[in-house]
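The values are calculated or read from the model by the stated rules, or taken from the named source; none is laboratory data. Everything numeric in this text was worked out from a predicted model, so none of it was measured. Quick reminder, even Gly has a Cβ in these numbers, built from the backbone with ideal geometry, and neighbours come from all protein chains shown. Just the protein is used for accessible areas: all its heavy atoms, side chains included, with ligands, DNA and RNA removed. Shrake-Rupley method; radii C 1.70, N 1.55, O 1.52, S 1.80 Å.
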Amino acid sequence: MTTVTRHTLTHLDWLESEAIHIMREVAGQCSNPVLLFSGGKDSICMLRIAEKAFRPGRFPFPLMHIDTGHNYKEVIDFRDRRAAELGERLIVRSVEDSMRRGTVVLKSPDESRNKHQSVTLLEAIEEFGFDACIGGARRDEEKARAKERIFSFRDEFGQWDPKNQRPELWDLYNARAFKGENIRVFPISNWTEFDVWQYIEREKLELPSIYYAHTRPVVRKAGGLLPVTEVTPAKPGDTVEHMKVRFRTVGDITCTAPVESDADTIAKIIAETATTTITERGATRLDDQTSEASMEQRKKEGYF
Amino acid sequence: MSAIEPIPPIDHGLLRFLTCGSVDDGKSTLIGRLLYDTKAILADTLNAIARTSKKRGMDAIDLSLLTDGLQAEREQGITIDVAYRYFTTGTRKYIIADAPGHEQYTRNMVTAASTADLAIILIDARKGVLAQTRRHSYLAHLMTIPHLVVAINKMDLVDYAQDVFDRIRDDYLAFASQIGINDVRFIPMSALNGDMVVERGNRLGWYTGPTLVELLENATASHAEHNEQFRFPVQYVCRPQESANPELHDYRGFMGRVESGSIGIGDAVTILPAGRETHVKDIRIIDRSLPRAFAEQSVTLLLDDEIDISRGDMIVKAGEAPTVAKEIDAMLCWLSETPLDPRRKYLVRHTTRDSKALLGRIDFRADINTMEQQSAERLVMNDIAKVGIKLAQPLFVDRYTVNRGTGAFIVIDESTNNTVGAGMIL
């Protein structure tokens, strides 16, 4: 075996190029796709990839956010501003609307709305007749994702069937679906959390401020930190501390926890990510810890 | 300003490889070892598998648990699908395709092999070359994986004996040459103890070759070593006529990924199927202009002349046209539980182009254990056969062994929309 030749793409170039190819396949194969944009770091990378895939043209899809109503204001403001800067259409559909319609029923008022996003998402897919949803999920996040296709078929109930996935070979993707069915497409499947941070640094992408270290009231619980907010107030007996923290993932307030950190620049975040000892979801996603198979279960029910 | 220039980081890009073998060969342990020794495993994951190891009564951490699968798999006690895993050495990023090893999962191995630059075939040093070794090697060869590495594992169970390693290597080479495998590397290994995976260990002093990771670090990625011809299937056409910028009213960008070869500004190109010739005016990624584009780069090509080009067309270098074919011979792997019906029409998807197709002629079915050619009336799941295909639309093809990108196709059943076959053009 000879030495590596000169024009080998760097790993970020390769990952970016693959993601662009995937987005263009969606545009070429699907008649009414949508890109899910939450204002989180993975979907911010997706917007950059969409720019590289389609500029100087417009995106061949609108952006959509399924809002639980329990998101950080910084992230929602960022979401709206970024969509406006790009001049692309942003659709927001709200879990609270589904609650008003009665299609989402919470077991108790303080139950997390996170898993109920599936219902609102499926309602939005039906409302707009989307045949493909492009999302920012990565295979390194979770073991149910490790086995999911880049083009992942969902039946008319939005269900993922891990035992009955379409074979996916070479770079030949199959986005065909009958009316009512749906394809979920994950262009950054092959990225790791580290790749995402490196890409954000390389492309100088702006992020919502809560990704950087800031002081915030928190309660220590079960080895993690719970943010103290209007939605998640401190309970009697809790000791509220003001700590320097940042978020590694951003989502519904009730299930996304910050980590203790002084990293207030991308370079510092990358340095921390390189030496961290806790996985992204292990540290910060309270929703995955309920049961070992909970992501697999939620995906079967139509989750992203 | 500081006078010290930062040293640019070394980046050897990305290598995709496949591990073939069953759990008994130590495949999961090898993957676990790679992830563990390259520090891709974080403490909370490690704690979880340490707990599980203890629960199952083991003294040490069972690294094979790192590749433990889905609830749906644990319920059935089988591995049902290819899993993708990631690690980095700091100079190169790796994607492992972990394919289940059982006989009935040919389709999984073919899937995993389709994107691999390198295959690691595991052999248990106590057992030597088995039927599954032959099967995996045949499939790796059929899928034209550029590099083949035979890892003779569990050397700890044969006292790290060189003669055991030598005998298995000779056995392997004897059958490999029969099926046309020439370039293959051998490594003695104990994935359990970590010998010759990332670290050399101190028990295989007689072996002077590279460790597995050294070999991975130096393996060329698939497009780097050939003088390939330029192939650019058009994915999408950008015509932003409605833009407020009047300069863009005549803009026609042909978007796609370079499947193979390279192209520069000013190069003469031919557009298929029209056959028109023109020159490359610009190569762009957003507002950045590149002098050249190489294999695997996603770019936008602008051309000198206004030519009607749409998705499914192909841009190639003038004088380097692929074969324009309405009939092709191919090796076909059947992937569906519903058998192939030679009377039915299917859809063939090749690069960005689709064509109705009749898979009417089955020349022979290959027995992947004995390499024998058998006659067959129909194909069932996991069969591999040589077939003749008639196409409604011409495709622009190369032989698969010369160009994986333009030699590969999938077969779609329009009644279910499922992907039912994978083909390699002969």
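Summary table
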read-out: Residue within region A:54-62 that is surrounded by 24 or more Cβ atoms within 10 Å (Cβ to Cβ) and either without any contact (Cβ under 8 Å) to a residue 12 or more places away in the chain or more than 14 Å from chain B (Cβ to nearest Cβ) (or both) present; value: no
read-out: Total residues in region B:239-251, condition outside any loop (DSSP other than H, G, I, E, B), within 11 Å of another protein chain (Cβ to nearest Cβ) and either polar (S, T, N, Q) or open to solvent by less than 100 Å² (accessible area, probe 1.4 Å) (or both); value: 1
read-out: The listed residue being within 26 Å of A:GLN29 (Cα to Cα) and within 14 Å of chain A (Cβ to nearest Cβ), out of B:THR323, B:THR406; value: B:THR406
read-out: Tabulated pairs, region A:125-152, first not assigned by TED's automatic domain parsing to the domain that holds A:GLY39, second open to solvent by 10 Å² or more (accessible area, probe 1.4 Å) and assigned to a loop (DSSP other than H, G, I, E, B), C-beta under 6 angstrom, 6+ apart or interchain; value: none
read-out: Some residue of region B:387-406 being buried (at least 21 other Cβ atoms within 10 Å of the Cβ) and polar (S, T, N, Q); value: yes
read-out: Number of the exception - B:ALA176 against (1) modelled with pLDDT under 95; (2) open to solvent by 40 Å² or more (accessible area, probe 1.4 Å); value: (2)
read-out: Matching strands (runs of 3 or more DSSP E) fully within region B:252-307 where at least 1 residues are in contact with a Lys or Arg (Cβ under 6 Å, 6 or more places away or on another chain), within 12 Å of chain A (Cβ to nearest Cβ) and under 19 Å from A:GLU16 (Cβ atoms); value: B:253-257, B:262-264, B:277-285, B:298-303
read-out: Some residue of region A:109-123 being farther than 28 Å from A:ILE210 by Cα, open to solvent by 10 Å² or more (accessible area, probe 1.4 Å), of a type in the set (A, V, I, L, M) and touching a residue at least 60 places away in the same chain (Cβ under 8 Å); value: yes
read-out: Residue in region A:194-216 that is in a loop (DSSP other than H, G, I, E, B), hydrophobic (A, V, I, L, M, F, W, C) and surrounded by fewer than 16 Cβ atoms within 10 Å (Cβ to Cβ) present; value: no
read-out: Test for A:GLU181: is it more than 10 Å from chain B (Cβ to nearest Cβ) and open to solvent by 10 Å² or more (accessible area, probe 1.4 Å); value: no
read-out: Sole residue being at the interface with another protein chain (Cβ under 9 Å from one of its Cβ atoms), open to solvent by 10 Å² or more (accessible area, probe 1.4 Å) and not acidic (Asp, Glu), chosen from A:ALA19, A:ALA27; value: A:ALA27
read-out: Positions within region B:187-197 being within 13 Å of B:ALA151 (Cβ to Cβ) and either open to solvent by 10 Å² or more (accessible area, probe 1.4 Å) or not assigned by TED's automatic domain parsing to the domain that holds B:VAL150 (or both), in sequence order; value: B:LEU192
read-out: Enumeration of residues in region A:152-171 that are open to solvent by 10 Å² or more (accessible area, probe 1.4 Å) and within 11 Å of chain B (Cβ to nearest Cβ); value: A:PHE153, A:ASP161, A:LYS163, A:ASN164, A:GLN165, A:ARG166, A:PRO167, A:GLU168, A:TRP170, A:ASP171
read-out: Tally, over region B:322-337, of residues that are surrounded by fewer than 14 Cβ atoms within 10 Å (Cβ to Cβ) and under 14 Å from B:ARG107 (Cα atoms); value: 1
read-out: Some residue of region A:41-49 being free of Cβ contacts under 8 Å to residues at least 12 places away in the same chain and charged (D, E, K, R); value: no
read-out: Region B:137-162: number of residues that are within 23 Å of B:ASN218 (Cα to Cα) and either outside the structural domain of B:GLY180 (by TED's automatic domain parsing) or touching a residue at least 40 places away in the same chain (Cβ under 8 Å) (or both); value: 11
read-out: Set B:ILE187, B:ILE96: member being under 30 Å from A:ASP195 (Cβ atoms), over 21 Å from the mean Cα position of the chain (by Cα) and within 14 Å of chain A (Cβ to nearest Cβ); value: B:ILE187
read-out: Among residues of region B:377-396, those that are more than 19 Å from the chain's Cα centre (by Cα) and over 11 Å from B:MET331 (Cα atoms), counted; value: 12
read-out: Within region A:46-57, considering residues that are in contact with a Pro (Cβ under 7 Å, 6 or more places away or on another chain) and under 19 Å from B:GLU242 (Cα atoms), the one modelled with the highest pLDDT; value: A:PHE54
read-out: Hits in region B:398-413 (condition: among the small types (Gly, Ala, Ser) and not in a strand (DSSP E or B)); value: B:GLY405, B:GLY407
